Amino acid sequence: MAGFMGPIQRVKAFTLTTLGTCLLTAAVQAQDVVQAQGSDGTHDKILDPISVTATRNPIKAFEYPGMVTVVGREEIESRQASTPDDILNFVPNVEFTGGPRRTGEVPSIRGFDGPDVIVLIDGARQNFGSAHDGRFFVDPSLLKQVEVLRGPASSLYGSGGTGGVIEFQTIDASDFLAPDETFGARVSAGYQTVNRERLGTVTGFATPVEGLDFVGSITRRESGSIELGDGSELNNTDDDIVSGLFKGSYEFADHHSIEGSFSTFRNDAQEPNNGQATTSDVFDKEVQSDNYRVAYKYDNPNNDLINLDVIAYYTDQRVDEVELDPATFAVTGELLKRNVDTYGFRTR
């Protein structure tokens with residue numbers, strides 16, 4: 001029963017937006033440079049999406065000889081994405097199986113899934129895997145770009161990667177501030193009918209001095225039963241999510257930069273033990289995912305010998321669940337705990 005429900009469940013809420021976005025993306029990627037006329041009559045250059053995941057070096061996605069797709073922040077926002085599936089469901093050869101519940105969605109690339117698909121958040125590997133409880137947990141409101149590399153990538157990213165790589169990149173202050181601005185804030189809210197989801201996001205960002213970049217963002221989502229494509233409802237799908245990102249970077253000396261970030265995802269969900277099924281049992285699930293990361297980079301375009309990029313990270317992913325009485329929601333079962341800690345280091 002794990003694969004009978006797919007992305008079609010959310011077509012009602014997103015079809016018009018995503019169809020227009022796909023056509024726009026195809027038009028932009030078919031050209032090296034597009035000329036856009038501004039209000040003052042001048043023309044600005046709109047460059048191709050830049051891929052970093054495919055080669056670990058910035059390169060135009062259209063020029064990369066392999067199969068890579070870059071989804072930028074403008075497209076993420078125009079789709080009003082609620083889950084990673086909403087961001088990637090139109091990417092060729094990529095599919096999210098396991099039904100519409102967030103905790104059950106599992107990515108696959110060209111038929112490969114599980115450890116054969118490497119998932120990264122700002123370079124930190126997401127290694128959680130527990131039967132029907134998903135692979136990773138991240139909120140789209142914290143993302144500025146998602147890259148999908150289709151095809152073997154073990155030579156760049158280590159074990160796994162037979163199917164490919166999906167990398168989620170989080171926002172920076174520079175994504176919100178104009179060149180002459182130093183600080184700002186953004187507040188947004190939303191609602192979608194497909195699962196009665198209410199959304200609120202608060203984001204602050206600043207560059208108090210040249211080279212220093214701070215961003216902090218907190219998002220709250222509450223959702224209920226999911227309306228399926230045939231008009232019926234999938235019950236026991238309640239989510240209460242709080243996610244956040246705190247990130248800072250500093251460019252110092254010449255061509256040196258350091259960065260540190262902490263991202264978190266919390267979901268108090270009420271759903272079956274198997275989040276991919278339609279059974280009537282109800283469990284209270286506490287989903288937690290924390291990512292700690294520090295990075296150092298030396299990038300001097302005049303130095304052909306040294307180009308250093310170092311990342312160290314720690315991820316803590318947990319799912320605790322206890323069975324509830326379907327009528328009274330009183331606790332009736334024992335506490336089940338699953339925990340995956342990952343320490344990682346990468347340099348090139």
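The values are calculated or read from the model by the stated rules, or taken from the named source; none is laboratory data. All values derive from a computational prediction rather than experimental measurement. Note that we place each Cβ from the backbone using ideal geometry, even for glycine, and neighbour counts take in every protein chain shown. All accessible areas refer to the heavy atoms of the entire protein, side chains included, with ligands and DNA or RNA removed. Shrake-Rupley method; radii C 1.70, N 1.55, O 1.52, S 1.80 Å.
Give me the accessible area per residue for the stretch 62-201, probe 1.4 Å, as a whole number in Å².
The answer is 39 Å² per residue.
Taking the mean number of other Cβ atoms within 10 Å as a proxy for protection, how do you rank 96-108, 116-128 from highest to lowest? Could you put the intermediate results ahead of the total?
Working: 96-108: 23.5, 116-128: 21.1.
Ranking the peptides 96-108, 116-128 by packing returns 96-108, 116-128.
For the stretch 212-282, calculate the relative contact order in percent as a whole number, restricting contacts to Cα pairs under 8 Å that are 6 or more residues apart. Mind showing how you got there, number by number?
Values: 130 pairs, mean separation 20.9, N = 71.
Averaging sequence separation for qualifying contacts and normalising by length gives 30 percent for the stretch 212-282.
To the nearest 10 square angstrom, how much accessible area does Lys337 have with a 1.4 angstrom probe?
Approximately 130 Å² of Lys337 is accessible to the 1.4 Å probe.
Residue farthest toward the positive end of the dipole of the stretch 195-348, with Cβ of Lys/Arg at +1 and Asp/Glu at -1: which of Tyr343, Pro301, Ser217?
Value: Pro301.
What is the magnitude of the charge dipole of the stretch 165-230 about its Cα centre, with +1 placed on the Cβ of each Lys and Arg, -1 on the Cβ of each Asp and Glu, and no other charges, expressed in debye to the nearest 20?
Using Cβ point charges on Lys, Arg, Asp and Glu, the stretch 165-230 gives about 400 debye.
By the gyration tensor of its Cα atoms, with a ≥ b ≥ c the square roots of the eigenvalues, what is the shape of the stretch 259-348: rounded for a/c under 1.5, prolate for a/b over b/c, or oblate?
It is prolate, given that a/c is not under 1.5 and a/b is the larger ratio.
Using a 1.4 Å probe on the protein chains only, how many percent of the accessible area of the stretch 107-183 belongs to carbon and sulfur? Could the numbers behind the result be given before it?
Values: 1380 of 2660 Å².
The value for the stretch 107-183 is 52 percent carbon and sulfur by accessible area.
Using the Cα centre of the stretch 233-288 as origin and beta-carbon charges of +1 (Lys, Arg) and -1 (Asp, Glu), tell me which of Gln288, Ser257, Ala269 is placed farthest towards the positive end of the dipole.
My answer, from the dipole projection, is Ser257.
At Ala131 and Tyr296, where each label point lies 7 Å from the Cα along Cα→Cβ, what is the point-to-point distance in nanometres?
Modelled inter-label distance: 4.4 nm.
Defining a contact as two alpha carbons under 8 Å apart and six or more residues distant in sequence, what relative contact order in percent does the stretch 219-326 show?
Over the stretch 219-326, the number comes to 21 percent.
Anything over 24 Å Cα to Cα? Flag those among Lys144/Lys247; Lys247/Lys297; Lys247/Lys285, in the order listed.
Lys247/Lys285
Please list Tyr250, Tyr191 from largest to smallest accessible area, probe radius 1.4 Å, with all protein chains kept in place.
In descending accessible area the options line up as Tyr191, Tyr250.
Is there a quick way to get the dipole size of the stretch 106-217? I mean about its Cα centre, with the Cβ of Lys and Arg at +1 and of Asp and Glu at -1; what is the value in debye to the nearest 20? Intermediate values should be presented prior to the final figure.
Working: 8 positive and 14 negative charges, 101 e Å.
Charge dipole of the stretch 106-217: 480 debye, to the nearest 20.
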